[in-house]
Amino acid sequence: MNNKTKIINLGFVNVFLIETGDGFVLIDTGVAQKWPMLEAELIKSGCLPDKLKLVLITHGDFDHTGNCAQLQRKYNAKVAMHDGDVEMVRTGVLIERKIHGIIGRLVMWMGKREIGKFDRFQPDILLQEGEIISMYGLTLKIIHTPGHTRGSICILTEGGQLFVGDMLANRMKPGLPPFIENEEDLHKSLDVIKRLDARTVYPGHGKLFSFEVLLSIK
């Protein structure tokens, strides 16, 4: 059975709030400009500062990490991410990537335009490949999936929820992201997640889709 998960759409990016036995875990945080919307959704869900146990970051891009510093300050939240993307969030400097299509160009342009508003931060916890997080009332597995960025991760719950960040997207149809740091790594990562025991894919952009559909992505 899946944990109770709330999908919070912050404009063009999804963040996910998982209710645990004694609080909440947040996956990604959206852009800094959407802080009022994110905070309103947290409060509406009963996720007050003493209830937010952990913030998990799928990768270091500004649209997924933009509210981490606010959550550290206001919620005293612990932020966890893979060390491969720590330099991005410390400096606010976007990494160079190969861009595919109009959407990729638009997102990269937005990133460079908004970078001055990025609230840099230092993560509290560094995650490792294969790490199991079995506190906070649920069990999560961390899968290191470089390609979109070198520090990208996917997060798998016991109930088969697979949170993929920007490794996959579903804006028009499920597929690979519009910009990629390392295509060889991305396809290796895709092979890795195809071997997981998952049921539903939760992308950072677009709608949920079934794991069966993921298996057809090339």
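Of all residues in the range 13-42, how many are hydrophobic (A, V, I, L, M, F, W, C) and surrounded by fewer than 18 Cβ atoms within 10 Å (Cβ to Cβ)?
2
Taking the residues in the range 166-218 that are among the hydrophobic types (A, V, I, L, M, F, W, C) and part of a strand (DSSP E or B) as candidates, determine which candidate is surrounded by the fewest Cβ atoms within 10 Å (Cβ to Cβ).
It comes out as PHE209.
Identify, by number, the condition in (1) in contact with a His (Cβ under 7 Å, 6 or more places away or on another chain); (2) crowded, with 19+ Cβ neighbours inside 10 Å; (3) modelled with pLDDT of 95 or more that GLU129 doesn't meet.
With (1) in contact with a His (Cβ under 7 Å, 6 or more places away or on another chain); (2) crowded, with 19+ Cβ neighbours inside 10 Å; (3) modelled with pLDDT of 95 or more applied to GLU129, the lone miss is (2).
Kindly indicate the residue of the range 1-41 that is of a type in the set (S, T, N, Q) and closer than 11 Å to GLY66 by Cα and also modelled with the lowest pLDDT among those meeting that condition.
GLN33
Out of the residues in the range 183-207 meeting the condition of being of a type in the set (Asp, Glu) and in contact with a Lys or Arg (Cβ under 9 Å, 6 or more places away or on another chain), tell me which one is farthest from ASN170 (Cα to Cα). Steps first, please.
So the first thing to find is which residues in the range 183-207 are of a type in the set (Asp, Glu), and the list is 183-185, 191, 197.
Okay, now just the ones that are also in contact with a Lys or Arg (Cβ under 9 Å, 6 or more places away or on another chain), so 183, 185.
On the way: GLU183: 19, ASP185: 20 Å.
Restricting to residues being of a type in the set (Asp, Glu) and in contact with a Lys or Arg (Cβ under 9 Å, 6 or more places away or on another chain), the top hit is ASP185.
Conditions tested, residue by residue: (1) of a type in the set (Asp, Glu); (2) touching a Cys at 6+ places or on another chain (Cβ under 7 Å); (3) touching a residue at least 24 places away in the same chain (Cβ under 8 Å); (4) part of a strand (DSSP E or B).
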site	(1), (2), (3), (4)
PHE12	no, no, yes, no
VAL25	no, no, yes, yes
ALA40	no, no, no, no
CYS47	no, no, yes, no
HIS59	no, no, yes, no
LYS74	no, no, yes, no
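Could you tell me whether any residue of the range 146-154 is of a type outside the set (Lys, Arg) and surrounded by fewer than 21 Cβ atoms within 10 Å (Cβ to Cβ)?
Narrowing the range 146-154 to residues of a type outside the set (Lys, Arg): 146-149, 151-154.
Now narrow it down to the ones that are surrounded by fewer than 21 Cβ atoms within 10 Å (Cβ to Cβ): none.
No, there is no match, as no residue in the range 146-154 is of a type outside the set (Lys, Arg) and surrounded by fewer than 21 Cβ atoms within 10 Å (Cβ to Cβ).
List, please: which pairs have Cβ atoms under 6 Å, are six or more places apart or on different chains, and start with a residue in the range 180-196 that is of a type in the set (Lys, Arg) and end with one that is surrounded by fewer than 16 Cβ atoms within 10 Å (Cβ to Cβ)?
Once the first residue is of a type in the set (Lys, Arg) and sits in the range 180-196, its partners that are surrounded by fewer than 16 Cβ atoms within 10 Å (Cβ to Cβ) give LYS194/LEU215.
The values are calculated or read from the model by the stated rules, or taken from the named source; none is laboratory data. Quick caveat, the model's predicted, so the values are computed rather than measured. With ideal geometry, Cβ positions are generated from the backbone for all residues, glycine too; neighbour counts draw on all protein chains shown.
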